[in-house]
Amino acid sequence: MNVGIVGLGLIGGSMAKSTKVRTSHTVWGVDLDHETMTMARMSGAIDAPLTDENLGECDLILVAICPSAAIEWVKTHADKIAPKTILVDLCGVKRMVVEALAPVAEQHGFAYIGGHPMAGRERGGFTSSSDSLYVGASMILTPDERTDMQLLEVLKAYFLDIGFATLTFSDPEEHDRIIAFTSQLAHIASSAYVKSPEAQRRRGFSAGSFQDMTRVARLDEDMWTELFMADSDYLIKELDILIANLNEYAEALKAGDAQRMRTLLKEGKDRKATAGGN
């Protein structure tokens, strides 16, 4: 296949590297950053730039940029995308992207499906990308009534070939509701936690728990602000639940109620056991 990748940061760069290392597909890529394009060419992550001239030759296009930019790119280039092409956006929210792009794909006659790879690192950019980022990960896809089985078979083969362990099917609404809890809430909690003055005075006193809590505070504030705002309804609900739960622990401490604290901690431990490791 000819695979076009729009955006060669952590996600798109890892898609490119994984595709080149694990398959015989041709990879064409494009990124606004000239240095990234040079590194991608020199490292062999892409065979050549993705251009208006070869865009119509792509069998698969992966759009790995922020939601608003992804929507704009597809709308701008839709008339150059061939009917044979499958386009997958890899954005971290799905409702706003699918709502915008599904009609564009239908109008221009190419196949489109929303996607979201469940893998990442706290640092972004092509230099952080890896051909092993997706090994063992889950790839979420959001098919709809227009999605045929042949398309899903093609995508299943491709994503499993480049390292994903499973494909998870969802709809945009369910995706955004769950991702508000599993991803977005964790990033906000980490960002808020590290703002304590003690974070600057903790040298020699921190271990694994501090590292776990603060790892994702190294986020791209522009990208995550866009994701949070696009999913604000579900994210607000999760924040309200977290704040209410935290208040219960604070109240137990203020009251000196050890039994209540023990109960709260056991409830959390039991919930973790029920939820499992992932």
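Secondary-structure-derived ellipticity at 222 nm for the chain, considering helices only, amounts to -15500 deg cm²/dmol, per-run term -39500 (n - 2.57) for DSSP H runs with n ≥ 4.
Projecting the Cα positions of Leu160, Val135, Met149 onto the charge dipole of the range 129-172 (unit charges on Cβ atoms of Lys, Arg, Asp and Glu, taken about the Cα centre) puts Val135 furthest along the positive direction.
Averaging the sequence gap over all C-alpha pairs within less than 8 Å and six or more residues apart, then dividing by the number of residues, gives the chain a relative contact order of 16 percent. Sum up the charges of everything whose Cβ sits under 15 Å from the Cβ of Gly56, counting Lys and Arg as +1 and Asp and Glu as -1, but leave Gly56 out. With Lys, Arg at +1 and Asp, Glu at -1, the neighbours total -3. Need the list of lysines near Lys254 for cross-linking: C-alpha distance under 20 angstrom, and skip anything on the same chain fewer than eight residues off. Within reach: Lys266. For Arg260, the solvent-accessible surface with a 1.4 Å probe is about 90 Å², rounded to the nearest 10.
Packing here is the average count of other Cβ atoms within 10 Å per residue, and on that basis the peptides 184-194, 108-118, highest first, run 108-118, 184-194. Given springs between every Cα pair under 10 Å in a Gaussian network model of the chain, which of Asp212, Asp257, Asp31 has the largest fluctuation? Among Asp212, Asp257, Asp31, the largest GNM mean-square fluctuation belongs to Asp257. Work through the residues other than Asp89 whose Cβ is under 14 Å from its Cβ and net out their charges, Lys, Arg +1 and Asp, Glu -1. Combined, the nearby Lys, Arg, Asp and Glu give -2. For the residues Asp161, Asp131, a 1.4 Å probe over the protein chains yields an accessible-area ranking, largest first, of Asp161, Asp131.
Inter-part distance, the range 26-100 to the range 154-192, computed on C-alpha centroids, equals 20 Å. Simple point charges give the picture: +1 on the Cβ of Lys and Arg, -1 on the Cβ of Asp and Glu, and for the chain a dipole about the Cα centre of about 1440 debye.
Work from the charge dipole of the chain (Cβ charges, +1 for Lys and Arg, -1 for Asp and Glu, about the Cα centre) and give the residue of Ile71, Thr263, Val27 farthest towards its positive end. Highest projection toward the positive end goes to Thr263. In terms of its Cα atoms, the range 86-222 spans 58, 29, 24 Å along the principal axes, sorted from long to short. Per residue, the range 42-110 exposes an accessible area of 40 Å² to a 1.4 Å probe, with every protein chain left in place.
Subtracting the Cα-Cα distance of Thr168 and Glu57 from their residue separation scaled by 0.36 nm leaves 37.1 nm. For the options Glu153, Glu99, Glu72, a Gaussian network treatment of the chain with springs between C-alpha atoms closer than 10 Å singles out Glu153 as fluctuating the most.
Counting only Cβ charges, +1 for Lys and Arg and -1 for Asp and Glu, the dipole size of the range 46-183 around its Cα centre is about 360 debye. Of all the options Val30, Val98, Val21, the one that moves most in a Gaussian network model of the chain with Cα springs shorter than 10 angstrom is Val21. Rounded to the nearest 20, the Cβ-based charge dipole of the range 169-239 about its Cα centre (Lys and Arg +1, Asp and Glu -1) stands at 780 debye. Taking all Cα pairs closer than 8 Å and separated by 6 or more residues, the relative contact order of the range 179-278 comes to 31 percent. Scattering from the chain was approximated by placing one identical point on each alpha carbon and applying the Debye formula without solvent; log10 I(q)/I(0) at 0.09, 0.14, 0.15 1/Å stands at -0.48, -1.03, -1.15. Look at the alpha carbon pairs under 8 Å that are at least 6 residues apart: their mean separation over the length of the range 1-150 gives a relative contact order of 27 percent. Each of Met37, Met42, Met149, Met139 has its accessible area taken with a 1.4 Å probe; listed largest first, they run Met42, Met149, Met37, Met139. Once the Cα atoms are used to define both axes, helix 10-22 deviates from the longest principal axis of the chain by about 60 degrees. Listed by chain and number, the lysines whose C-alpha is less than 21 Å from the C-alpha of Lys272, apart from same-chain residues fewer than 8 away, are Lys237.
The values are calculated or read from the model by the stated rules, or taken from the named source; none is laboratory data. Everything numeric in this text was worked out from a predicted model, so none of it was measured. Cβ sites come from the backbone with ideal geometry, for glycine too, and all protein chains shown count toward neighbours. Surface areas here come from the heavy atoms of the whole protein model, side chains and all, with no ligands, DNA or RNA. Shrake-Rupley method; radii C 1.70, N 1.55, O 1.52, S 1.80 Å.
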